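Single-structure report; data block below.
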Amino acid sequence: MYFWKVVFKTAALCAETSQHWRGLKCWEMLLRCMRVIFPSSDLFGIVVPKMDKLNENTRERKQIKLGEIDTGPILVALLLGFIAVAIFVILRRRSAGRKDFLLTGLSESGKSAIFMQLLHGKFPATFTSIKENVGDYQAGGSSAKLVDIPGHYRVRDKCFELYKHRAKGIVFVVDSVTVQKEIRDVADSLYTILSDSATQNCSVLVLCNKQDQTTAKSSQVIKTLLEKEIHTVRDTRSRKLQSVGDDDANKTITLGKPGRDFEFSHIAQNVQFVEASAKEQELNTLTDWLARLL
């Protein structure tokens, strides 16, 4: 918002400096173009009053010869305007390409149950998905595609590859009861997602599911377990990359700070840990997170 104010204020100052009717007409044309591009913006209140005042002053002045006009400020401001539009178009295209939310994690973690609760409000019978489930999630007048990625190792990575470039947010579902027993597989799968160059701009939610069971680990315990295990996974993968050569190593992202124990606060993605229970329909932490990103 501050950037646009600077652009429009610069335009107004340049038009005032030119002090010529033809110069003002150029700015009026530029403002009309910007008004078409940004129909809902209230920033025109900065420039329009200035232009009206300059139009009144211009009528009282004598015409100046075309050769006496200082076109430098006009050209600079026009250039700034075109740069601003180009930046807006680029950012809009990038954001438009990432609208999906992915549910991923190991088998039996409860992804499909969460998918069914969010879209259909019911808890399904236990089953293992062998292909992705896709549906439209709606909240507060906004909607997005929700993709349930299969947890089976034979299809998980392949399916994730199909959708990762359109992901705005990733929900990594963890079975809070069996996480300690499966910690190596959980950490390895999460590391693969976080170290992928396509997910660096994604928000990530680690959803600690099955909190309705008495033996479930808390989200803080699970976070500590994962940080310790991901540190081991990182060291193992780093040694493998060094053995295959620098060319392959440059294709991946090493997580965390070199020479220090791994922490989620050290990586590019915003990773949050929350607790939930799909069986008991306790998914407020998930729906609140989705609502913030929609």
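The values are calculated or read from the model by the stated rules, or taken from the named source; none is laboratory data. These figures come from a predicted structure and were not determined experimentally. Heads up, the Cβs are rebuilt from the backbone with ideal geometry, glycines too, and the neighbour counts pull from every protein chain shown. Quick note on the areas: whole protein, heavy atoms, side chains included, nothing else; ligands and nucleic acids left out. Shrake-Rupley method; radii C 1.70, N 1.55, O 1.52, S 1.80 Å.
Does residue 262 qualify as being part of a loop (DSSP other than H, G, I, E, B) and open to solvent by less than 60 Å² (accessible area, probe 1.4 Å)? Working first, answer last.
Numbers: part of a loop (DSSP other than H, G, I, E, B): yes; open to solvent by less than 60 Å² (accessible area, probe 1.4 Å): yes.
The answer is yes for residue 262.
Residues of segment 183-231 that are under 28 Å from residue 259 (Cβ atoms) and β-branched (Val, Ile, Thr): 183, 186, 192, 193, 199, 204, 206, 221, 222, 224, 230.
Among the conditions (1) open to solvent by 10 Å² or more (accessible area, probe 1.4 Å); (2) within 27 Å of the chain's Cα centre (by Cα), residue 154 misses just one, which is (2).
Out of 268, 216, 198, one residue alone is over 21 Å from residue 166 (Cα atoms) and surrounded by 12 or more Cβ atoms within 10 Å (Cβ to Cβ). It is 216.
Among the conditions (1) among the polar types (S, T, N, Q); (2) part of a helix (DSSP H, G or I); (3) crowded, with 17+ Cβ neighbours inside 10 Å, the only one that residue 236 does not satisfy is (3). Only residues that are out of contact with any helix residue (DSSP H, G or I) (no Cβ under 8 Å at 6 or more places or on another chain) and in a loop (DSSP other than H, G, I, E, B): list them for segment 108-125, please. 108, 109, 110, 121, 125 - these are the residues of segment 108-125 that are out of contact with any helix residue (DSSP H, G or I) (no Cβ under 8 Å at 6 or more places or on another chain) and in a loop (DSSP other than H, G, I, E, B).
Any idea which of 187, 249 is surrounded by 15 or more Cβ atoms within 10 Å (Cβ to Cβ), modelled with pLDDT of 95 or more and out of contact with any Gly (no Cβ under 9 Å at 6 or more places or on another chain)? Exactly one of 187, 249 is surrounded by 15 or more Cβ atoms within 10 Å (Cβ to Cβ), modelled with pLDDT of 95 or more and out of contact with any Gly (no Cβ under 9 Å at 6 or more places or on another chain), namely 187. Remark: pairs (first residue in segment 72-99, open to solvent by less than 70 Å² (accessible area, probe 1.4 Å); second residue modelled with pLDDT under 65 and of a type in the set (Val, Ile, Thr); Cβ separation under 6 Å; 6+ apart in sequence or on different chains) = 73/17; 77/10; 80/7; 80/10; 84/7.
Among the residues of segment 177-195, those identified as over 15 Å from residue 156 (Cβ atoms), touching a residue at least 12 places away in the same chain (Cβ under 8 Å) and part of a loop (DSSP other than H, G, I, E, B) are 177, 178, 179, 180, 195. Looking across segment 274-294 at every residue that is touching a Phe, Trp or Tyr at 6+ places or on another chain (Cβ under 8 Å) and open to solvent by less than 40 Å² (accessible area, probe 1.4 Å), the one that is farthest from residue 146 (Cα to Cα) is identified as 274. Screening segment 109-131 for residues that are without any contact (Cβ under 8 Å) to a residue 40 or more places away in the chain, open to solvent by less than 30 Å² (accessible area, probe 1.4 Å) and under 24 Å from the mean Cα position of the chain (by Cα) and picking the one that is farthest from residue 292 (Cα to Cα) gives 112.
In the set 197, 176, 189, 238, which member is out of contact with any strand residue (DSSP E or B) (no Cβ under 6 Å at 6 or more places or on another chain) and within 15 Å of residue 109 (Cα to Cα)?
Details: 197 fails: within 15 Å of residue 109 (Cα to Cα); 176 fails: out of contact with any strand residue (DSSP E or B) (no Cβ under 6 Å at 6 or more places or on another chain); 238 fails: within 15 Å of residue 109 (Cα to Cα).
Going through 197, 176, 189, 238 in turn, the sole match is 189.
Does residue 106 satisfy the condition of being farther than 23 Å from residue 182 by Cβ and surrounded by 18 or more Cβ atoms within 10 Å (Cβ to Cβ)? Step through it out loud before you land on a result.
On the way: farther than 23 Å from residue 182 by Cβ: no; surrounded by 18 or more Cβ atoms within 10 Å (Cβ to Cβ): yes.
Taking the combined requirement at face value, the residue does not satisfy it.
Screening the candidates 134, 174 for the property of being among the hydrophobic types (A, V, I, L, M, F, W, C), open to solvent by 50 Å² or more (accessible area, probe 1.4 Å) and outside any helix (DSSP H, G or I) yields one hit, 134.
Right, residue 230: under 14 Å from residue 192 (Cβ atoms), in contact with a helix residue (DSSP H, G or I) (Cβ under 7 Å, 6 or more places away or on another chain) and modelled with pLDDT under 90 or not? Please lay out each step first, then the result.
Values: under 14 Å from residue 192 (Cβ atoms): yes; in contact with a helix residue (DSSP H, G or I) (Cβ under 7 Å, 6 or more places away or on another chain): yes; modelled with pLDDT under 90: no.
Spelling it out, it is not the case that residue 230 is under 14 Å from residue 192 (Cβ atoms), in contact with a helix residue (DSSP H, G or I) (Cβ under 7 Å, 6 or more places away or on another chain) and modelled with pLDDT under 90.
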